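Below is one structure, written out as structure tokens; comments come after it.
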Amino acid sequence: MAILEGRYGPNVVITSIDKIFNWSRSRSIWPLTFGLACCAIEMMATNASRFDLDRFGIFPRPTPRQADCLLVSGTLTAKMAERVIRLYEQMAEPKYVISMGSCANSGGPYWQYGYHVVKGIDLVIPVDVYIPGCPPRPEALIDGYLRLREKIMKETIARKDS
Amino acid sequence: MTQSEIFAYLQTSFPDAGLVLDETQPEPLIVVPREQLLDVARLLNADEQLHFECLMCLTSIDMGEELHAVYNLYSMKHDHKCTLRCRVNREDPVIPSVSSVWATADWHEREAYDLMGITFEGHPDPRRILLPDDWEGHPLRKDYQPQKEWHGIPLEAVQPEDLEKKRENG
């Protein structure tokens, strides 16, 4: 702190609880990576140094207990849907879900005849952001995260009038 | 040895087995009745001239009226290949397991059972391999009726007109 020390004098920052909560939540989205198919390759590329998600505070976690966001990337089969539901339930609030790619959004090429494919993960868990593409490019995934960030910034801890 | 030489060799060992050489396919194949399948497999594996120690692939095909089990064999010692085919009755899909001859057949037969519903008699572990144990039906059969849901997870196709409705309601 040597550079800042004594430079600005005593300081007070005034903000609202909502702003400080939303700011800290949206700037450190830790996704639980749930790679299921080819979308997972794009997800890995996005996490790697070329696209560098760490600059957004996005840092993949291997366990639902530490994660804020469930990133479902790939084809969700019936057998895997049970696991996705369980992992989603294990995550602590507040939690968000990103559906990455056509398969996770709607079943993709298996939307009609895929006997074992869930036709969209929104049939089993709630989804915040859908990213179209087959698979989406890393830029699209980054845009998805930024949209989620915008969504988190609009939240409030106040209860709605009932 | 070529496929027809292998067939001739098998004919001398099993003159009454009813083996047929089908040369209508690009790769000729030997059709074996299910009663003789295990004996023929044992000979193909053990005989010095044939020495098929490698079962490259075991597949099943739904031909409509009947099912087929296909065995692709390879001999690393003699560098020759051979294709066996066994006709399987649709109503009574039971054929002997060759997993005692080639260990590769263990998982391959489980897959053929899982997806095509062929029962392999004498298999050491006759469970499904890919689908859940309580799945209904065998998906690669032409007359397969897909499940509408499994453990409360919906699997039915969402039609485009329903999507419009969903959007209007949401």
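Listed here are the residues, each with its yes/no results for (1) within 14 Å of chain A (Cβ to nearest Cβ); (2) surrounded by fewer than 13 Cβ atoms within 10 Å (Cβ to Cβ); (3) in a loop (DSSP other than H, G, I, E, B).
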position: B:Val98; (1), (2), (3): no, no, yes
position: B:Val101; (1), (2), (3): no, no, yes
position: B:Arg128; (1), (2), (3): yes, no, yes
position: B:Asp143; (1), (2), (3): yes, yes, yes
Discussion item. Going residue by residue through region A:75-86, is there one that turns out to be buried (at least 20 other Cβ atoms within 10 Å of the Cβ) and in contact with a His (Cβ under 7 Å, 6 or more places away or on another chain)?
Written reply: yes
Response to the item:
Contact list, first residue from region A:6-17 and closer than 25 Å to A:Met153 by Cα, second anywhere and open to solvent by 100 Å² or more (accessible area, probe 1.4 Å), beta-carbon distance below 8 Å, six or more apart or interchain, is A:Ile17/A:Ile157
Worksheet item: Looking at (1) more than 29 Å from B:Pro139 (Cβ to Cβ); (2) open to solvent by less than 40 Å² (accessible area, probe 1.4 Å); (3) of a type in the set (A, V, I, L, M, F, W, C), which is the one condition that is false for B:Met76?
Response: (2)
Item to complete: Please determine, by comparing only the residues of region A:119-141 that are open to solvent by 10 Å² or more (accessible area, probe 1.4 Å), more than 12 Å from every other protein chain (Cβ to nearest Cβ) and in a loop (DSSP other than H, G, I, E, B), which one is nearest to B:Leu163 (Cα to Cα).
Response: A:Pro132
Worksheet, complete the sentence: Given (1) within 14 Å of chain B (Cβ to nearest Cβ); (2) aliphatic (A, V, I, L, M); (3) in contact with a Lys or Arg (Cβ under 9 Å, 6 or more places away or on another chain), A:Met80 misses just (3)
Practice prompt. State yes or no: is A:Gly144 within 14 Å of another protein chain (Cβ to nearest Cβ), out of contact with any Phe, Trp or Tyr (no Cβ under 7 Å at 6 or more places or on another chain) and open to solvent by less than 20 Å² (accessible area, probe 1.4 Å)?
Written response: no
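Quick grid of which residues meet (1) over 14 Å from the mean Cα position of the chain (by Cα); (2) on the phi > 0 side of the Ramachandran plot:
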residue	(1), (2)
A:Glu89	yes, no
A:Ala92	no, no
A:Lys95	no, no
A:Gly108	yes, yes
A:Pro132	yes, no
A:Pro135	yes, no
Worksheet item: Quick one: would you say A:Glu150 is farther than 27 Å from B:Gly137 by Cβ and open to solvent by 50 Å² or more (accessible area, probe 1.4 Å)?
Response: yes
Worksheet, complete the sentence: Subset of region B:146-165, residues open to solvent by 100 Å² or more (accessible area, probe 1.4 Å) and either modelled with pLDDT under 75 or more than 9 Å from chain A (Cβ to nearest Cβ) (or both), comes to B:Lys148, B:Glu161, B:Lys165
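The values are calculated or read from the model by the stated rules, or taken from the named source; none is laboratory data. Nothing here was measured: the structure is a model prediction, and the numbers come from that model. Ideal geometry is used to build each Cβ from the backbone, glycine not excepted, and the neighbour counts take in all protein chains shown. When the accessible area is computed, the model is the full protein with side chains, heavy atoms only, and any ligands, DNA or RNA have been set aside. Shrake-Rupley method; radii C 1.70, N 1.55, O 1.52, S 1.80 Å.
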